[in-house]
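Only one structure is covered here, and it is reproduced in the block below.
The values are calculated or read from the model by the stated rules, or taken from the named source; none is laboratory data. Predicted model, so just to flag it, every value in this text is computed and none were measured. We place every Cβ from the backbone using ideal geometry, glycine too, and count neighbours over all the protein chains shown. Surface accessibility is based on the protein's heavy atoms, side chains included, excluding ligands, DNA and RNA. Shrake-Rupley method; radii C 1.70, N 1.55, O 1.52, S 1.80 Å.
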Amino acid sequence: MSSLKLDSLRDCMEGVLPAVIATVAADGTPNVTYLSKVAFVDSQHVALSNQFFSKTVGNVRENPQAQITLIQPSTGRHLRLDARFERDECAGELFEQMRAEIDAIASLMHMEEVFRLRSVDVYRVLHAEFIPSDVDPA
């Protein structure tokens, strides 16, 4: 199956519906957690807001493979990204843009003290596909 183009999937990265990341520790222990924000970076990369990623960060340092699941708001279809951790950014334009978005979310939820952006974690997307479903409109 061919990989979808990230450019055509931006609606899945608007933060309307929560996304999930799954990673695996070196000993095989899985970790799954919700993401506050997944952002389109370019045709090969996405950025994840890192606020609560203690286990995820440890896992991708040992094993950089991850799977990210997004939901397309207009259809409810689930999208799976096979991705590889490349780097974290703690300053710069991408970090500041993500921090502004996370600060706005935190303010709306009255959780400014909890939602502190530690870094923006950048992943290379290796493959993207919609997860087949019996109720898919396509």
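Could you list, ordered by first residue, the pairs with Cβ atoms under 7 Å in which the first is in segment 63-76 and closer than 14 Å to Val20 by Cβ and the second is charged (D, E, K, R) and open to solvent by 50 Å² or more (accessible area, probe 1.4 Å), at least 6 apart or interchain?
Sorted first by the residue in segment 63-76, then by its partner, the pairs are Gln67/Arg80; Thr69/Arg80.
Listed residues Ser43, Ser8; which is under 16 Å from Arg124 (Cβ atoms) and hydroxyl-bearing (Ser, Thr, Tyr)?
Of the residues listed, the single one that is under 16 Å from Arg124 (Cβ atoms) and hydroxyl-bearing (Ser, Thr, Tyr) is Ser43.
Go through (1) modelled with pLDDT under 95; (2) in a strand (DSSP E or B); (3) among the polar types (S, T, N, Q); (4) open to solvent by 10 Å² or more (accessible area, probe 1.4 Å) one by one and return the number of the condition Ser49 breaks.
That leaves (4) as the condition not met.
Out of curiosity, is Ala26 out of contact with any His (no Cβ under 6 Å at 6 or more places or on another chain) and surrounded by fewer than 16 Cβ atoms within 10 Å (Cβ to Cβ)?
yes
Here are some conditions: (1) free of Cβ contacts under 8 Å to residues at least 24 places away in the same chain; (2) in contact with a strand residue (DSSP E or B) (Cβ under 7 Å, 6 or more places away or on another chain). Gly92 meets all but one. Which one does it not meet?
All conditions pass for Gly92, except number (2).
Test Val32 against the stated conditions and say whether it is open to solvent by 80 Å² or more (accessible area, probe 1.4 Å) and of a type outside the set (Lys, Arg). Quick ask: steps written out before the conclusion?
Details: open to solvent by 80 Å² or more (accessible area, probe 1.4 Å): yes; of a type outside the set (Lys, Arg): yes.
Taking the combined requirement at face value, the residue satisfies it.
Ser54 passes all but one of (1) within 11 Å of the chain's Cα centre (by Cα); (2) surrounded by fewer than 18 Cβ atoms within 10 Å (Cβ to Cβ); (3) under 24 Å from Val114 (Cα atoms); which number fails?
Result: Ser54 fails condition (1) only.
In segment 68-122, what residues are basic (Lys, Arg), assigned to a strand (DSSP E or B) and open to solvent by less than 70 Å² (accessible area, probe 1.4 Å)?
Residues of segment 68-122 basic (Lys, Arg): 77, 80, 84, 87, 99, 116, 118.
Going one step further and asking which of them are assigned to a strand (DSSP E or B), we end up with 80, 84, 87.
Of everything in segment 68-122, just one residue is basic (Lys, Arg), assigned to a strand (DSSP E or B) and open to solvent by less than 70 Å² (accessible area, probe 1.4 Å), namely Arg80.
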